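The next block holds one structure in the form of structure tokens; read it before the comments.
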Amino acid sequence: MKKVLVLGCTGSIGTSTLNIIRNESEKFSVCGLSANTKKESLDFLKDEFNCPVTLTSTDGIEGIEKLLDETKPDIVVNGIAGSSGLLPSKLVLERGLKLALANKETVVMAWSLIKSLAEKKNASIIPVDSEHSAIFNLVKMAKKENIDKIVLTASGGPFRTYTSEQLENVSLKDALNHPTWKMGQKITVDSATLANKGLEVIEAVRLFDVAPENVQVVIHPQSLIHSLVRTKDGMLYAQISDPDMKHPILSALNWPEIQENHLKPFELFDSTMTFFRPRTKDFPMLEYGFEAAKKTGAYSVAYNAANEIAVQAFVDSKIEFTAISRIVRAVLDKNWSATPSSFEDIFEADKQARSYACEII
């Protein structure tokens, strides 16, 4: 039986992970849990799963170190949202543990350091984003040397068909009304701006060691195809399932094996799949993601940090929806050419980008 430690257990990834463990208790057990501030929910889950060790964010990084050392998990699911998920990823890998990674910022902000650490400690990183989980498995099946292009799918969010004029007047409630996925507030807004896809472009370039020119984004409103690879002979291979994060989480928990599970298999009957080109003029955050992926230095750190600040300002009704991309553009126009050589350098660049974004707001 695999011992699973769940970081961010009350978020969307954590909730889906625990749902899997409830249904597959003969294969997985919960050895540790962390949550941000939901102490009452954490206590309930601790009792339900008979979990010996839990913590909240008030326990700090030292608490996560203690959690890892006391629980000795077989795999850690990092479902912590935002840049605060980076250091927990580092701590997991320092201990040579298997990391099921749903935290984009770990890759976007610090991939070279994270990759080096994983290699040094012989630790595995299994992506849990639905798109990168799909690519991870497709590359394994088709072989890296045969891949010509990675194709990321995007739902297009709630504003896929909105005109430029309509985008000027959308509300937070509108932005949180995602058509196919139920996610946390920040990632849902990111899906509406296509910043989420911009972050995923950076992730794909880093995780799979491909040039940005070999990554393509296609709008696929039904969210049934989670990503594709095109091989050198021109053929496309896709991973298809219902839009449910339990699929990529379970894939990570079972890795490197493919096992039968309790999830309902996808049926092709009566399914419709459509595809469109992304409208980068009206949703420039995707284009900025490609730009950050192409550049060295701390541009991807700045992209992520500025976006986090801008999204929070939109949530707090300080700016309108379309101002998010303008703020990020202004921050990216600063000089981020210095390459961070340590985690301290990364957090310093992150702090500077946030400061710039706050000044603009």
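The values are calculated or read from the model by the stated rules, or taken from the named source; none is laboratory data. Since this is a predicted model, take the numbers as computed values, not measurements. Cβ atoms come from the backbone with ideal geometry, glycine included; neighbour counts cover every protein chain shown. Just so you know, the surface numbers come from the protein's heavy atoms only, side chains and all, with ligands and any DNA or RNA stripped out. Shrake-Rupley method; radii C 1.70, N 1.55, O 1.52, S 1.80 Å.
If you go through the range 1-46 and keep only what is open to solvent by less than 10 Å² (accessible area, probe 1.4 Å), among the hydroxyl-bearing types (S, T, Y) and modelled with pLDDT of 95 or more, you end up with just T17. Of everything listed in (1) in contact (Cβ under 8 Å) with a residue 12 or more places away in the chain; (2) within 21 Å of S112 (Cβ to Cβ); (3) part of a loop (DSSP other than H, G, I, E, B), the single unmet condition for A302 is (3). On inspection, S130 qualifies as touching a helix residue (DSSP H, G or I) at 6+ places or on another chain (Cβ under 6 Å), closer than 24 Å to E105 by Cβ and among the hydroxyl-bearing types (S, T, Y).
If we scan the range 57-72, do we find a residue that is more than 25 Å from A123 (Cβ to Cβ) and open to solvent by 10 Å² or more (accessible area, probe 1.4 Å)? Yes, some residue in the range 57-72 is more than 25 Å from A123 (Cβ to Cβ) and open to solvent by 10 Å² or more (accessible area, probe 1.4 Å).
Looking at N50, is it under 19 Å from the mean Cα position of the chain (by Cα) and surrounded by fewer than 21 Cβ atoms within 10 Å (Cβ to Cβ)? No; evaluated as a whole, the condition is false for this residue. Condition first: on the phi > 0 side of the Ramachandran plot, surrounded by fewer than 19 Cβ atoms within 10 Å (Cβ to Cβ) and either in contact (Cβ under 8 Å) with a residue 12 or more places away in the chain or touching a Pro at 6+ places or on another chain (Cβ under 6 Å) (or both). Can you find one or more residues in the range 142-160 that meet it? No - not one qualifying residue is present in the range 142-160. A313 fulfils the conditions (1) in a loop (DSSP other than H, G, I, E, B); (2) open to solvent by less than 80 Å² (accessible area, probe 1.4 Å); (3) in contact (Cβ under 8 Å) with a residue 40 or more places away in the chain except for a single criterion, (1).
Restricting attention to the range 240-276, the residues that are touching a strand residue (DSSP E or B) at 6+ places or on another chain (Cβ under 6 Å) and crowded, with 21+ Cβ neighbours inside 10 Å total 1. The single residue among S83, S124, S133 that is at negative phi, of a type in the set (G, A, S) and open to solvent by less than 10 Å² (accessible area, probe 1.4 Å) turns out to be S133. Close Cβ contacts (under 6 Å, 6 or more residues apart or on different chains) running from residues in the range 238-256 that are more than 17 Å from M1 (Cα to Cα) to residues that are among the basic types (K, R) and open to solvent by 50 Å² or more (accessible area, probe 1.4 Å) are absent. From the list R279, R354, the one residue that fits, being open to solvent by 40 Å² or more (accessible area, probe 1.4 Å) and within 29 Å of D242 (Cβ to Cβ), is R279. Condition check for W181 on (1) closer than 23 Å to T274 by Cβ; (2) of a type in the set (F, W, Y); (3) crowded, with 19+ Cβ neighbours inside 10 Å: one failure, at (3). Only residues that are in a strand (DSSP E or B), under 15 Å from N78 (Cα atoms) and β-branched (V, I, T) were counted in the range 120-148, giving 2.
When K186, K232, K149, K143 are checked against the criterion of being charged (D, E, K, R) and under 15 Å from F275 (Cβ atoms), a single residue qualifies: K149.
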